[in-house]
1. Over all distinct alpha-carbon pairs, what is the Kirkwood Rh of the chain in angstrom?
2. Just the ratio, please: alpha-carbon radius of gyration of the range 207-283 over 2.2 N^0.38 Å, N its number of residues.
3. Work out, step by step, the length gained on full extension between Arg15 and Ser206: first 0.36 nm times the residue separation, then minus their alpha carbon distance; give nm to one decimal.
4. Just want to confirm a number: the relative contact order over the chain, from Cα pairs under 8 angstrom separated by 6+ residues, in percent.
5. Top mean-square fluctuation among Pro142, Pro11, Pro220, Gaussian network model of the chain, C-alpha springs under 10 Å?
6. Among the DSSP beta bridges whose two residues both lie in the chain, what percent are antiparallel, rounded to the nearest 5?
7. Could you work out which residue, out of Asn204, Asn122, Asn14, moves most in a Gaussian network model of the chain, that is, has the largest mean-square fluctuation with Cα springs under 10 Å?
8. Return the Rg/Rh value of the range 86-130, two decimal places, where both radii are evaluated on C-alpha atoms and Rh is the Kirkwood radius.
Amino acid sequence: MTSVQPSTRLPCGNRVLDLAHTHVMGILNVTPDSFSDGGRFAALDAALRHAELMVLAGATLVDVGGESTRPGAPIVSQQEELDRVAPVVERISRELDVIISVDTSAPVVMTEVARLGAGLINDVRSLRREGALQAAAATGLPVCLMHMLGEPGDMQNNPHYDDLVGEVSAFLADRMQQCAAAGIASDRIILDPGFGFAKTLQHNLSLFKHMDALLLLGRPLLVGVSRKSMIGQALNRPVDERLYGSLALAALAMNKGARILRVHDVAQTVDVVRMIAAVESAD
Ligand code: 8Y4
């Protein structure tokens, strides 16, 4: 007797992501503050080396980002963002066995990176930019929709929620509907609570504790908390001392059902994931 189940296999361009397991997504920044001093060619080589190390350490996805979402970061033109990201996507696609996620809100970037071998669109603005829904739909790629109120620049100005989990859930449900109307079926969607985006420490902790409520939306969850200020604030640690806090939250997120963990410290997080998976697969 075979039972019909929703597929756990998510097509990501020329690769497939098996969402029956938890995956580690390594963060690859290609913003100028992460460029090496030698200019764009040296920066490209450095990005490739970093991506390769993350893949060797067990990342099944790398998230390539060319626009800083830090509050106060300079606004980058779509062309500049494309100039940073496109060569990296092209070379990773040719040289490494990994799903390339691109962290972008720019329609032009979505269209071009899909052509160059990207496997996933990761938009912290949930396709709210003009033309983004249409561009993402046309790529045929899956999309990660993330909760954020406002824009990265103004989002930390006194965020308020009457019903935090309910409002995050309603926001993501609404964005899924907008996607469906634009031709992005729900089976192409990944959802993300958006830790650190328009949320206080207490908001972040409470949303983390109750994130399993978002599983009711029926889509896999991606969680990004690595080195974020919620860890800094909870533990009183500077950004270079947040590894253990990050690993604790990675383990907890996996336990709550998250399927993709977006992290800086891939090797360490992969050990956490594999150890938990070993216990979960025991008799
Ligand atoms: C230290 C470390 C300080 C990290 C700040 C940060 C998410 C994301 C970002 C996320 C998804 C960041 C692009 C912010 N966060 N995409 N992107 N989910 N899907 N800050 O949580 O890492 S950038």
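The values are calculated or read from the model by the stated rules, or taken from the named source; none is laboratory data. As the structure is a computational prediction, the values presented were derived from the model and not from experiment. All Cβ positions, glycine included, derive from the backbone under ideal geometry; neighbour counts span all protein chains shown. Remember, those area values only see protein heavy atoms, side chains included, never the ligands or the DNA or RNA. Shrake-Rupley method; radii C 1.70, N 1.55, O 1.52, S 1.80 Å.
1. 19.1 Å
2. Against the empirical 2.2 N^0.38 Å value, I get 1.13 for the range 207-283.
3. Residue separation times 0.36 nm, minus the Cα-Cα distance, leaves 65.3 nm.
4. 18 percent
5. Most flexible of the set in this elastic network: Pro11.
6. Around 10 percent antiparallel, to the nearest 5.
7. Of Asn204, Asn122, Asn14, the most mobile in the Gaussian network model is Asn14.
8. Value, to two decimals: 0.99.
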